[in-house]
Each structure stands twice: as structure tokens, then as C-alpha cells.
Amino acid sequence: MTDILVVAFILQTLRIAVPILLAALGGVVSERSGIVDLSLEGKLLIGALATEIGAYATGSGAVGALSGVAGGMLTGALYALVVVRFRADQVVSGIAINILAIALGAYLIQLLYHSASNAPPIPGLPGNLYANPLFWLAVLLVPAVHLLIARTRFGLRVRAAGEHPDAAESLGVRVDRVRWAAALVSGGIAGLGGAWLALENRSFLSDMAAGRGYLALAAVIMGNWRPVGAALACLFFGAARSLTIQLKTAGILAIPDSLASIVPYVLTMIALAGFIGRTRPPAALGRHDQ
Amino acid sequence: MRAAIVREGSIIAIALLVAAAAGSVLVLAYGQSPASVYRLLFATTWTSEHGIGQVLFKATPLVLTGLSVALAFRAGLFNIGAEGQLAVGAFATALAGGALPFGTPAALALPVALLAGALGGALWGAIPGALKAWTGAHEVINTIMMNFIASGLILYAGNSGLFVAETEHTRRVVEGAYLPDLGMAGSAANLAVFIALACAVGVWYFLARSRRGFELRALGLAPLAAEAGGVDLRRATLLAMTAAGALAGLVGANYVLGYKHYFESGMGSGAGYMGIAVALLGRNHAAGVVVAALFIATLQHGALAASELVPRQMIDVLQGVIILSVAASSAEVRRVLARSPEARA
């Protein structure tokens, strides 16, 4: 009996954590290049929308997931156009992309499917987590993103752009290009998180990101802008959520969802204030070289 | 001065052109004519008393959240938390107004309810302000976190007895705390619009004429110089975020005191984020904020009429495009001007 509960707890933790993790991994890449990534929520949403469109048109979940990646990259490209090419304020633009994404999703499902609230059903993910390729992809992406940033030429340039853009520029690194690339990679990974949302729900909803993009940003910060750290933060968020659900189902303790939901946000504020270890953002986060 | 007007004017003009073009693409995709959608959007709003009243009603919270974002911005701070501040403020307004004894006169009930709203919002702004001032924690992330914490806590408090049983709203405020409507052909416009305008004048006076307001602007323009000149940066940071929160907290005047007379879950949601658009379009000046709020409110009300032809969400897409294009064009116009020699003279 207890074993079953523990397994259920672990599986649910992972399920909750995966989409946040994918968005957070995307966030790590763009933030390490010096772009403040408040647009993760929008990337998740557009990724989910594109997944719906692709999967519905072809009847294939795999095509859907690829469309999700493309949708996320497109969102990343729009963000890069505004903040890298035009040097627009990153905070304002990120929020604007999220406002745009939620409205665009609602508008496009009416345009494409003539429905005000929900999109037509699409193929889902396998019920069993072990048989779910997206799950394993998400797990593999944690070391992959770590290696990308820590061990490759591209990663070195990303870090240079995020820490000392002027110095990087003087050594011949094209900071703007690096940031464009980082925005696209970030969008693609976060778009995969959107694909997870749409495929798991077997349909797109225009408000389905439900704050996960902001939670992912919180995980990036709690994880000190490192992929493994961000993954641990996502697991922690997932476990906290899963625990309240399991405790309630088992009839042991009913912590109201409303109260449980604020835990990750409070913890992020505590972490940012430096009360649990020091977090250190990339030095040039949010700055443009002239 | 003239250069500044030309600069800000061209920023807005470019942004609105981009938004109109993007909107046209969306309308065409839906198989409608952009001209008739834009005509519906503006014609029905400003041609009837009811339409004007509804625009004023929708502009009121946007003026307050726009001022909130603009005030913080002038101090070099980003207040992304107007959303949470307005929720906490409106909730506090409703609780205070509902706790007053039956028959409390307006002269007492109104100030109490308004003060509660301002204090609630101020508290929600002061926390990220204090964290920024004393620990350096970034106010953008913290205000976003505070938005989520606000909605979670309000739901929790509401469900633990502050909402009327089996509902998601509080009890009604006493009648003395009602803000009368303006009697504009059945529209929801109420006296809160004058509270918002008074706040706009107050913010203008504070920033342009007062010592504390000067310190706040100094913090925004050149923190190191300000500190060398004797400005207490921590106090100025805390003051800016607290005042920004108080402004957003007054939104309850419009929805709670002037319209519904109780607080309900999700009340005013979106107005906080839209305040960022209003501040940006209004170029962070009090008068600009009022004009920008009227413009956005016109779009929002016009969306209802335009929904005959296209889905209402087109306007929400447009709002997102407007923010993006103002942000992009303001940076671009400044860079172009910085390169041209006449602008420097």
C-alpha cells in the first residue's frame, strides 16, 4: 500500500515537473546569454498551440511535438527581434509576448477551429511515463544543456555574452548573433514544454500555461542559472505540489491548494534575498552593449 | 522640449502604425475588412453617452495601474506587481467596507474603505521595495512572485470565511461606502474616475514639484550621483514601490465601491499587466498615462462592438503588439536620434 503511494507520488512529481523543467532549461540558455527571459510563459503557450495545429493536421503526436519546438523557436525569434535587434526593454517585451501569446492562442483557435474555448482533440502521450519519449527527452536535456553551456564553443560564447559582452565583442564574438542563437535554442526547448502540455491534455487551451513559465523562471533563479540546479528546483516544486495532492487523496491532511500553490513563489523570494545560499545572475543580464 | 515632443510623438506614431498593420493582418485572416473593424472599434465607443461612460469606467483602473508602473519606473524600478497590488487593495477595500457597522455615514465609510485599499496595495508594493533596498533582490522577479502569492492568499483567506459561503465573493460594503455612478445612460462610470484623475494630478505634483519626488527621479536617472548628493537610496526605493502599490491598491474604488459593491475572485485581473502598456504608451508622465488609459479603454470597449466581425481577442493581441512595438520603437528612435548631429545640438 505504502509502496503504491510512494510510486504514485514520484510519478506525479515527475509529470508536474516536466513542462516546468523544459521551460526552465530554455530559460537557462537565454538568461546565460544575457537576455532576461520573462517570455517563457509565451513560449510554452505558443509551443502548445503549434503542437495542436501540427498534431491535428497530421494526426501524429510526433509531428505535433516538432511543431511545438518550431512554435517555441518562432516565439524566441520574435523576442530576439524586439530585444536584440531593436534593443527594446527586455522586461516589458517579455511581458508583452506573454499577453500576446494568450490572446493569439484564443484568436487562432477561433480562426482555425471555430471554437471559442477549446481546440479539437489530438493524439496524447502514453499513459505510462516509462514509455513516454518526451519524458526521456526532457531527462536527457538536463545533462545536454549542461554540456552545451559548460563544454562547447557555443556555450563559452553564450557565457561570454552574458557575463562580459564588451570583452567578448572585442575578442571577435558577435554578441548579437550569440544572443539570437540562444533565444532560438531557448524557444525550441521551452516549446517542447508546450508540446508536453498540449499532448498530455490531448487538446490546446488558451490559458493552459497557467503561470508555469513564471514558475520556470523561479526555478532558473533558485537553481542559480544552472541546468542541474534548475532541474532540482523543478523537482522540488513538483514534489511539493504532488505531496499536497497525495496527502489530500489519502485523507491524511488537506492543505488547501490555494495555500500550497504559493510555496514555490515564497521560496524564490527567500532565495533571491540571499537567505538560502547566494544566487548570482549573469553579470550582463538585461544589459545591452552599445 | 520640442525635440522631446517630436521624439516621443514619432515613437508612438511608429508603434501605432505597426499595431494597425498587425491588426489588419489578423482581421484579413478572418476574412473581414480592417477598415470596417477599425470603424466599429472607435465609432460605437465615442458616439453614445453609454459608450463614453463605459470607456471612462474601463479607463479608471488603467489610469491607476498606469500611474503605479510609471511612478516606479521614474525611480528606475519595474513594478510588474500592480496585478497583485490591485487584488490585495480591492480585497482590503471590500473587507473594510463590509466590516463597518450598518448606517456608517459616507464621510467616514468612504475614507476608511479607500484607505484600506491604498494600504493593502502599499503593503504589497513595500515588500518587494524593501527587499530591493536592503538585499538587492530584483523587484521584477519579486513583484511577479507577489502577484501569484496574492491570488493564492486571497483565495485561501476567502475560502476560510471571508467570502460568503459557497461563493467566490465577499459580503457587500456598507451603503455609505458606495461611490455613486455618474448617471451616464446606464454605464458603469462612477465617481472613482475623479479619484483616478486626482491621483494623476497628485503623481504629477509629487514628481515635478516635491523634494521626495525629485529624489525619486534622481534615483531613477543617476543613482550614484543621487547618493553623492545626499539622497537616501534605500528610503527612495521603498517609497517608490510603496506609493506605486498604493496607487494600484485604489483600483478597488472603481470595481468594489463604484460598481459591484463586493470583491470577487479575479476582479480587475489583467489591469495590472495592462498598466505596463499604459505607462509605456503614456511615456511615464501623468498626463500621458491618462490619455493612454483612455486609448486602451477605447480599444477594450470597442472590442465588444467589433466582435460582430472578429473574435474579441483580436484586441488583446493588438494590445500585446502595441506594447512590443512601443518598446522596440522607443529604443530604436532614441538610437537613431543619438546618431544624428542635429538632435545633439
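The values are calculated or read from the model by the stated rules, or taken from the named source; none is laboratory data. Remember, it's a predicted structure, so these values are computed and weren't measured experimentally. Positions of Cβ are generated from backbone atoms using ideal geometry, with glycine treated the same way; all protein chains shown enter the neighbour counts. Heads up: the accessible areas ignore ligands, DNA and RNA and are worked out on the full protein's heavy atoms, side chains in. Shrake-Rupley method; radii C 1.70, N 1.55, O 1.52, S 1.80 Å.
Inside segment B:307-334, can you point out the residues that are more than 7 Å from chain A (Cβ to nearest Cβ) and small (G, A, S)? The answer is B:S307, B:S325, B:S329, B:S330. Across segment A:104-123, the qualifying residues are those that are part of a loop (DSSP other than H, G, I, E, B) and open to solvent by less than 30 Å² (accessible area, probe 1.4 Å), and the one among them that is nearest to the other protein chains (Cβ to nearest Cβ) is A:S115. Scanning segment A:84-99 for residues that are facing chain B (nearest Cβ under 7 Å) and within 16 Å of B:S269 (Cα to Cα) gives A:I95, A:A96, A:I99. Which one of these does A:A48 not meet: (1) more than 9 Å from chain B (Cβ to nearest Cβ); (2) surrounded by 24 or more Cβ atoms within 10 Å (Cβ to Cβ); (3) more than 12 Å from the chain's Cα centre (by Cα)? Unmet for A:A48, out of (1) more than 9 Å from chain B (Cβ to nearest Cβ); (2) surrounded by 24 or more Cβ atoms within 10 Å (Cβ to Cβ); (3) more than 12 Å from the chain's Cα centre (by Cα): (3). Output yes when any residue across segment B:212-226 is assigned to a loop (DSSP other than H, G, I, E, B) and surrounded by fewer than 17 Cβ atoms within 10 Å (Cβ to Cβ), and no when none is. The answer is yes, given that some residue of segment B:212-226 is assigned to a loop (DSSP other than H, G, I, E, B) and surrounded by fewer than 17 Cβ atoms within 10 Å (Cβ to Cβ). For segment A:129-158, give me each residue that is surrounded by fewer than 18 Cβ atoms within 10 Å (Cβ to Cβ) and closer than 12 Å to A:R32 by Cα. If the condition is that a residue be surrounded by fewer than 18 Cβ atoms within 10 Å (Cβ to Cβ) and closer than 12 Å to A:R32 by Cα, then A:A150, A:F154, A:L156 are the ones that fit. Of all the numbered requirements in (1) modelled with pLDDT under 95; (2) surrounded by 24 or more Cβ atoms within 10 Å (Cβ to Cβ); (3) not basic (K, R), A:G68 misses one, and that requirement is (1).
Screening B:Q300 against (1) within 19 Å of A:I99 (Cβ to Cβ); (2) surrounded by 24 or more Cβ atoms within 10 Å (Cβ to Cβ) leaves a single unmet condition, (2).
Within segment A:184-266, which helices (runs of 4 or more DSSP H) (wholly inside it) include 3 or more residues that are more than 14 Å from chain B (Cβ to nearest Cβ) and within 14 Å of the chain's Cα centre (by Cα)?
Numbers: elements: A:212-222, A:227-249, A:257-260.
Result: A:227-249.
Residue selection: A:L285 satisfies the criterion of being open to solvent by 40 Å² or more (accessible area, probe 1.4 Å), within 13 Å of another protein chain (Cβ to nearest Cβ) and not in a helix (DSSP H, G or I). For segment B:268-280, what are the residues that are away from chain A (no Cβ under 11 Å) and modelled with pLDDT of 90 or more? Hits for segment B:268-280 are B:A271, B:V278.
Whether a residue is in contact with a helix residue (DSSP H, G or I) (Cβ under 6 Å, 6 or more places away or on another chain), open to solvent by 10 Å² or more (accessible area, probe 1.4 Å) and over 10 Å from B:A59 (Cβ atoms) was assessed, and B:A305 passes this test. Within segment A:83-98, the residues that satisfy the criterion of being under 20 Å from B:G66 (Cβ atoms) and of a type in the set (S, T, N, Q) are A:S93, A:N98. A count restricted to segment B:21-55 and to residues that are open to solvent by less than 40 Å² (accessible area, probe 1.4 Å) and under 23 Å from the mean Cα position of the chain (by Cα) stands at 6. Where helices (runs of 4 or more DSSP H) fall wholly inside segment B:71-161, the ranges with 3 or more residues that are within 11 Å of another protein chain (Cβ to nearest Cβ), aliphatic (A, V, I, L, M) and open to solvent by less than 50 Å² (accessible area, probe 1.4 Å) are B:139-157. Checking the stated criteria, A:D3 turns out to be over 16 Å from the mean Cα position of the chain (by Cα), free of Cβ contacts under 8 Å to residues at least 60 places away in the same chain, under 30 Å from A:F236 (Cβ atoms) and open to solvent by 20 Å² or more (accessible area, probe 1.4 Å).
Residues in segment A:18-45 that are part of a helix (DSSP H, G or I) and open to solvent by 10 Å² or more (accessible area, probe 1.4 Å): 3 in all.
Could you identify the single residue in B:Y255, B:Y262, B:Y273 that is of a type in the set (S, T, Y) and not in a helix (DSSP H, G or I)? It would help to see each step written out before you state the result.
Working: B:Y255 fails: not in a helix (DSSP H, G or I); B:Y273 fails: not in a helix (DSSP H, G or I).
Just one listed residue meets the conditions, B:Y262.
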